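Trainee: Sharing a structure below in structure tokens format, with a few things to ask.
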Amino acid sequence: MTITDLEPRAQALVSSGKGLLAADETPGTLTKRFQLLGINSTPESRRDYREMLFATPGVGTFISGAIMQDETIRQRSSSGAPLPELLVQAGVVPGIKVDTGARPLAGSPGEAVTEGLDGLRDRLAEYRTLGAGFAKWRAVIAVSDTLPTTACVCANAHALARYAAICQEQDIVPIVEPEVLMEGSHTLARCEEVTSQVLDAVFDALRQQHVTLEGMLLKPNMVLAGHEHATPASVDEVATATLRCLRRHVPTVVPGIVFLSGGQDHVAATVHLDAINRIDAPKPWKLTFSYGRALQDEALAEWRGDRAQIGAGQRVFYHRAKCECAAALGAYGPAMESEAALA
């Protein structure tokens, strides 16, 4: 294996407007979402939910890869096939979340650093045997007038780079996810300032750790004002600020940028992605999606743990994936939502 073997896999994950399904919620997180809809959370019900998504007819038309969590990658479908095989049969590359979550950063109140480097090499080797072709590690950056601190940015950038280097060593494409959080009252301009600072630190660290940029993907936030900001930015303002920030701080050799939805609802995440791709400006990387709740929430609400509703949940999921694919091509329009309602 040479490091260049990773490049075509990274490129394939962002090909033809396709994007990623982030189905890597921990059992605890998914349990909270189930409880809001009155769904009993067990290993079997969580398996049934993921199987519904993975087995959606035609899902490979729009989804190139699916990020799983440790519980999911080890589970078998109701027919007995490993869930990763279900994805491969659909033309979807299995992926795995490998960080162990964010913990308080010592000496930096209100900030966190993501952990999970201990034993990562051995875990990646096992995940590779279970079918994983790529991995994901998420760092979270809080924003205020005084945050983030340099210590927080550097600690998370270093961890992301170490993770990415180990992934490439193990023939796994790393997705590097530095998320500048939407929580707070900060402005769009403040988000752009912090996102710029974080991206510069991350790519400096990636170079220091000898990560091959052609064999990785970036999963950043869009540039958005905080949830509590009095005046939300317009769609055009978000798209312009996001693309400007990326053009200034992301090397052109990175094959693709797969945005996280970051708490946006499914319509906002779709509209913003579409607007970014419609801007008439050079885009040296593919710009697509790696959405979790923005892709899943409608399907989860339709399914509600009822086997009789699997077909309905799959139809809703298929439609949302189709809309995201259109947005990744700059071809989405509100009529697509009306067509779904008529159907």
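Trainee: So which of Ala308, Ala275, Ala340, Ala335 ends up being at pLDDT 95 or above, among the small types (Gly, Ala, Ser) and either within 18 Å of the chain's Cα centre (by Cα) or surrounded by fewer than 19 Cβ atoms within 10 Å (Cβ to Cβ) (or both)?
Mentor: Going through Ala308, Ala275, Ala340, Ala335 in turn, the sole match is Ala308.
This table checks each residue for (1) under 19 Å from Val250 (Cβ atoms); (2) not hydrophobic (A, V, I, L, M, F, W, C).
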{"site": "Thr150", "(1), (2)": "no, yes"}
{"site": "Tyr163", "(1), (2)": "yes, yes"}
{"site": "Asp171", "(1), (2)": "no, yes"}
{"site": "Pro178", "(1), (2)": "yes, yes"}
{"site": "Leu181", "(1), (2)": "no, no"}
{"site": "His186", "(1), (2)": "no, yes"}
{"site": "Arg190", "(1), (2)": "no, yes"}
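Trainee: Can you pull out every residue in the stretch 146-157 that is in contact (Cβ under 8 Å) with a residue 24 or more places away in the chain and part of a loop (DSSP other than H, G, I, E, B)?
Mentor: Leu147, Pro148, Thr149
Trainee: Being under 28 Å from Glu237 (Cα atoms) and at pLDDT 95 or above: is that true of Val202 here?
Mentor: When the stated conditions are applied, Val202 passes them.
Trainee: For the structure I just gave you, tell me whether Thr150 is surrounded by fewer than 18 Cβ atoms within 10 Å (Cβ to Cβ) and of a type in the set (Ser, Thr, Tyr).
Mentor: The answer is yes for Thr150.
Trainee: Could I ask something else about it? Mind listing whichever residues of the stretch 56-73 are among the hydroxyl-bearing types (Ser, Thr, Tyr) and assigned to a strand (DSSP E or B)?
Mentor: Listed by number, the list holds a single entry, Ser64.
Trainee: How many residues are part of a helix (DSSP H, G or I) and modelled with pLDDT of 95 or more when one looks only at the stretch 9-55?
Mentor: Result for the stretch 9-55: 27.
Trainee: With (1) over 19 Å from the mean Cα position of the chain (by Cα); (2) under 26 Å from Leu181 (Cα atoms) as the list, and Met52 as the residue in question, which single condition is left unmet?
Mentor: The one condition Met52 does not meet is (2).
Trainee: Taking the residues in the stretch 291-305 that are within 23 Å of Leu243 (Cβ to Cβ) and in contact (Cβ under 8 Å) with a residue 40 or more places away in the chain as candidates, determine which candidate is farthest from the chain's Cα centre (by Cα).
Mentor: Once the filter is applied, the top-ranked residue is Leu295.
Trainee: Being among the charged types (D, E, K, R), more than 28 Å from Leu218 (Cβ to Cβ), surrounded by fewer than 23 Cβ atoms within 10 Å (Cβ to Cβ) and in contact with a Phe, Trp or Tyr (Cβ under 9 Å, 6 or more places away or on another chain) is true for just one of Arg9, Arg46, Arg76. Which residue is that?
Mentor: Unique residue meeting the criteria: Arg46.
Trainee: Here is a follow-up. Could you list, in sequence order, the residues of the stretch 287-342 that are closer than 27 Å to Glu177 by Cβ and either assigned to a loop (DSSP other than H, G, I, E, B) or touching a Cys at 6+ places or on another chain (Cβ under 7 Å) (or both)?
Mentor: The answer is Gly292, Leu329, Gly330, Ala331, Tyr332.
Trainee: Filter the stretch 265-299 for residues that are of a type in the set (S, T, N, Q) and in contact with a helix residue (DSSP H, G or I) (Cβ under 8 Å, 6 or more places away or on another chain); which is nearest to Ala335 (Cα to Cα)?
Mentor: Top of the filtered list is Thr270.
Trainee: Looking at (1) crowded, with 24+ Cβ neighbours inside 10 Å; (2) more than 20 Å from Val258 (Cα to Cα), which one does Glu228 not meet, given that it meets all the others?
Mentor: It is condition (1) that Glu228 fails.
Trainee: Out of the stretch 231-264, which residues are in contact with a helix residue (DSSP H, G or I) (Cβ under 7 Å, 6 or more places away or on another chain), in a loop (DSSP other than H, G, I, E, B) and within 29 Å of Glu337 (Cα to Cα)?
Mentor: Ala233, Ser261, Gln264
Trainee: Give me the residue from the stretch 311-332 that is of a type in the set (Phe, Trp, Tyr) and surrounded by 22 or more Cβ atoms within 10 Å (Cβ to Cβ) and, out of that set, farthest from Leu36 (Cα to Cα).
Mentor: Tyr332
Trainee: Show the residue pairs that are 6+ apart or on different chains and have beta-carbon atoms under 6 Å apart, the first residue being within the stretch 197-218 and of a type in the set (Val, Ile, Thr), the second being modelled with pLDDT under 95.
Mentor: These pairs meet every condition: Thr212/Ile3.
Trainee: Looking only at residues that are surrounded by fewer than 18 Cβ atoms within 10 Å (Cβ to Cβ) and polar (S, T, N, Q) in the stretch 93-133, which one is nearest to Cys152 (Cα to Cα)?
Mentor: The extreme case among them is Ser108.
Trainee: Would you say Glu228 is of a type outside the set (Ser, Thr, Tyr), more than 24 Å from Ala132 (Cβ to Cβ) and in a helix (DSSP H, G or I)?
Mentor: Answer is no for this residue.
Trainee: Oh, and also: Do the conditions hold for Ser234, that is, is it among the polar types (S, T, N, Q), crowded, with 23+ Cβ neighbours inside 10 Å and free of Cβ contacts under 8 Å to residues at least 40 places away in the same chain?
Mentor: No.
The values are calculated or read from the model by the stated rules, or taken from the named source; none is laboratory data. Computed from a prediction, not measured in an experiment: that's the story for all the values here. Please note: Cβ atoms are built from the backbone with ideal geometry, for glycine as well, and neighbour counts cover all protein chains shown.
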